[in-house]
Amino acid sequence: MKEKCGVIGAYSFEDIDISKILVRGLESLQHRGQESWGIAVFGYGAFKKLGLVLEDPEDYYNIDKMRGNVGIGHVRYSTKGGTTIENAHPIEIGKSFFISHNGTIANFDELLNKVSKENTILSSVTDTELIGIRLKQLYNRNKDWHTSFKILSRELSGSYSLVMLTEKGELLAARDERGFRPLCIGYQEDTKTYLIVSESCALDSIGANLVRDVKPGELVKIDKNGLSTFMFCDNENHSHCPFEYTYFAHPSSYLEGINVYLARSRIGAELAKKYQLEGDVIIPVPDSARPAARGFSVESKIPFEEGLMKDRYRKRGSLRSFIEPIQKRREEIVKKISAVRAVVNGKNVIVVDDSIVRGTSSLVIADILRKAGAKKISFVITFPPIRYPCYAGIDFPTQEELIAYRFCKDKDDLNYINEMIAFALNVDFVGYNDIEGLSKAIGFPPGEFCFSCVTGDYSCLKCTPKFKSREEMKG
């Protein structure tokens, strides 16, 4: 999947050094991106690296030199553009501002044509850089950020939660009018520091309090005069990403006032009601499916056990396979999961997982359990069947890579899809969630979510996206 980057911004009114706050927050957002990371501090420019946050001991020395009271940061999970240091965020736009972005722009080609009328643009430009260049054009013309974002929002189709550091030392944050991607405001009382972060879990690590979510269509500006907000677009129809609740977000985070852990637990309970399976043991696929597996266990009265273990004692052992950009790397991470033979040997095992997207992980896990002696293997999936590309921030841009599309095409009958995917994975049973069950468990009506990857209905976007190959998206 593409999208799940993590962004952070910090502004201290006590003039404390915020570089370490930014890094601490990025470490807490590492689950949103593993490809690269970086920070930009007012007066010091940007520091960017490939890989995980502070993976190189020398990074501490470089960060310690960046002292300022305002800055932004980013961990990357690429959607447009390859995994290179040039594409790492924050990205500098001229000498005007740095920008970090979480999301994907669906009408990239249309926006590129518009921007190219005023600037010469390289063919390798990413959607984040393109947004930045267009914002610079609009700001140079209007000299006002509110007006610039109002115009930009009419031109953009897609998802964006972004933070910016301007040449004047202002911290800006904006969220698209549909609210595809999360973004929230926090405050640390001791240091009089405002924070803008993708998820509230980063606030917990910093010792800050969650103030509220940034509203869809809202621009937040923090400068020496304090915090001010502007609505550049007020849209009653929202399209929050349900995949945040099942996979991407940290269990401790609150999104739109809903705790992710409790939502996942409720999803598991709803699945237990939907599929009243007989089994000896419930096991989660580590780690995001654990709360759902507990919820399934409590509702079904079938014992919960940790039957699959990640190798957390090895370097980079906690990496997430789904957000790796290369198929071979995804397979390598999943193969580092091992079965607890004493838990699964001779048992009818019910495996709870957050999703089946490409089928890569599920095939490997089924084989691991079979070799560990599982007598019967059933998969229960918290997310509905994914058969269409995502153009709102998650990295599955082609239908051909989606296992539910390859085996089921456009057939909507869930029983048929369950049977075909069970056959494809060579397991005894597969039970996907449906849109209604997932929405009910999270706590919002289906109309508040984007389910384009399930239904193929892209009406939540301003355009029908042009399906592209992975090579075209990655450059």
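The numbers here are math on the coordinates, done by the rules we state, and not lab data. As the structure is a computational prediction, the values presented were derived from the model and not from experiment. Virtual Cβ from ideal backbone geometry, glycine too; neighbours counted across all protein chains shown.
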**Q.** Point-charge dipole on Cβ atoms (K/R +1, D/E -1) for the range 143-287, about Cα centre, debye to 20
**A.** 300 debye
Q. Loop-only check: which GluC sites (Glu not before Pro) in the range 360-457 are DSSP coil with at most 16 other Cβ within 10 angstrom?
A. none
Q: Pop a pseudo-label 7 angstrom from the Cα along the beta-carbon direction at both ILE435 and ARG212 and give the gap in nm to one decimal.
A: 3.0 nm
Q: Mind checking the range 68-147 for GluC sites (Glu not before Pro) that DSSP puts in a loop (not H, G, I, E or B) and that have at most 14 other Cβ atoms within 10 Å?
A: GLU86, GLU118
Q. Could you work out Rg/(2.2 N^0.38 Å) for the range 1-160, with Rg from alpha carbons only?
A. 1.04
Q) Hey, what angle do you get for helix 145-155 against the long axis of the chain, alpha-carbon based, 0 to 90 degrees rounded to 10? A) 50 degrees
Q. How big is Rg to Rh over the range 262-444, alpha-carbon atoms, Rh as the Kirkwood inverse-mean-distance radius?
A. 0.94
Q) By how many degrees, 0 to 90 and rounded to 10, does the Cα axis of helix 360-371 deviate from the longest principal axis of the chain? A) 30 degrees
**Q.** Counting DSSP beta bridges with both ends in the chain, the antiparallel % (nearest 5)
**A.** 80 percent
Q: With an 8 Å cut-off on Cα pairs and a minimum separation of 6 or more residues, tell me the relative contact order of the chain in percent.
A: 15 percent
Q | Theoretical FRET efficiency, 1/(1+(r/R0)^6), r = Cβ-Cβ of CYS463 and ASN426, R0 41 Å, to 0.05 | A | 0.55
Q) Could you give the angle, 0 to 90 degrees to the nearest 10, between helix 260-274's Cα long axis and the longest principal axis of the Cα atoms of the chain? A) 30 degrees
Q) Taking the Cα centre of each part, how many Å lie between the range 82-111 and the range 336-370? A) 38 Å
Q | Descending semi-axes in Å of the chain, equivalent ellipsoid built from Cα gyration tensor | A | 38, 24, 20
